[in-house]
Each structure stands twice: as C-alpha cells, then as structure tokens.
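Notes follow the structure.
The values are calculated or read from the model by the stated rules, or taken from the named source; none is laboratory data. What you see is a predicted model; the values in this text were computed from it and never measured. Backbone-built Cβ (ideal geometry, glycine too); neighbour counts: all protein chains shown.
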Amino acid sequence: MSRRRAKNLDEKAIREIAEILDGWSGLLSWQALIEQVQARLRSKYTRQALHRHERIRLAFEATKTRLAGPSSKRSDPNGLVRMPAARVSRLEAENDRLQLENDRLLEQFVRWAYNAHTRGLDEAFLNRPLPPVDRRPTKKAAMGGKA
C-alpha cells in the first residue's frame, strides 16, 4: 500500500495555517498542529514540511510565546465574555504575527537597498515598471505543436 504525498504548500495554505495558529488556545505542539491542519486542509504534512516555511515557523513561535505569557491565563468564571475574548485574543495574535512578518520584510528591504546601493543602482532604476507580459501564442503553439 503506497501513501500519497500531500500537495505542496501554497500561499493560501500557509495563510490558513497561520490563521489556525492565531486562534490557537491550549497546549501547542507540532503534532497537534499537524492534526489541525489535516482536519482543516484535508492534507497531512510533516513537521519538517511545516517548519520549512518561515511564515509558519514564525507564527508557531509567536503562538508558543503568547500561550506562555501571563495574558493567556485569564479567568472567566461565568463564561460571559468567552466568545468576545476569544475573538479579541485571536485578532491580537494575528496582529502580533503580522507585525513580526512586517518587521522581517522591512529588514529584507533594508538589506536589498544596501546591496543595490553597493552595486551602483539608484532609486530611479529600482522603481522602473516591470516589462509588459507578451501573451501572444508562440510560433510552436500557433503551428499546432510542430516545430
């Protein structure tokens, strides 16, 4: 019996996994995350496959930090504010994760700007628009696949 390989993680799947982590409460482990991802995305990924993607790895670490902090131990004896508090908590977690991602992108931009400057590339050169995409069929396709 052969096991089918899960499809590659695309941007949509990575975003959904980060959202799972944003709303996470309780104990977090890679195995628990794998099970949640399998239930939601209908694909089973290994810890290594998830860990390979920086956005997932950062979201996992941010969630671990959030769950270990004192704000995660709020008590609600009557259960009256559980749903709004859970939504606020999830949104705060998402905000923290997005802030971390934004900080990483800003660091990358500074690195790229420095490297461009050392190569003599100015801002005008870097801000040039992308060339237009040629959507005409190629000669090979126009001739019915014959070269």
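When the range 1-15 is limited to residues that are surrounded by 15 or more Cβ atoms within 10 Å (Cβ to Cβ) and within 15 Å of the chain's Cα centre (by Cα), the one that is farthest from VAL88 (Cα to Cα) turns out to be LEU9.
What about LEU80, is it in a loop (DSSP other than H, G, I, E, B) and modelled with pLDDT of 90 or more? No; evaluated as a whole, the condition is false for this residue. If only residues of the range 29-52 that are part of a loop (DSSP other than H, G, I, E, B) and surrounded by fewer than 17 Cβ atoms within 10 Å (Cβ to Cβ) are counted, the one that is nearest to the chain's Cα centre (by Cα) is ARG52. Restricting the range 83-119 to residues that are at pLDDT 90 or above and small (Gly, Ala, Ser) leaves a set whose member that is nearest to ALA18 (Cα to Cα) is ALA113. Criterion applied to ILE56, ILE34, ILE20, ILE14 was being touching a His at 6+ places or on another chain (Cβ under 9 Å) and not hydroxyl-bearing (Ser, Thr, Tyr), and the one residue passing it is ILE14. Evaluated against (1) in contact with a helix residue (DSSP H, G or I) (Cβ under 7 Å, 6 or more places away or on another chain); (2) part of a helix (DSSP H, G or I); (3) of a type in the set (Ser, Thr, Tyr), THR65 falls short on exactly one condition, (1).
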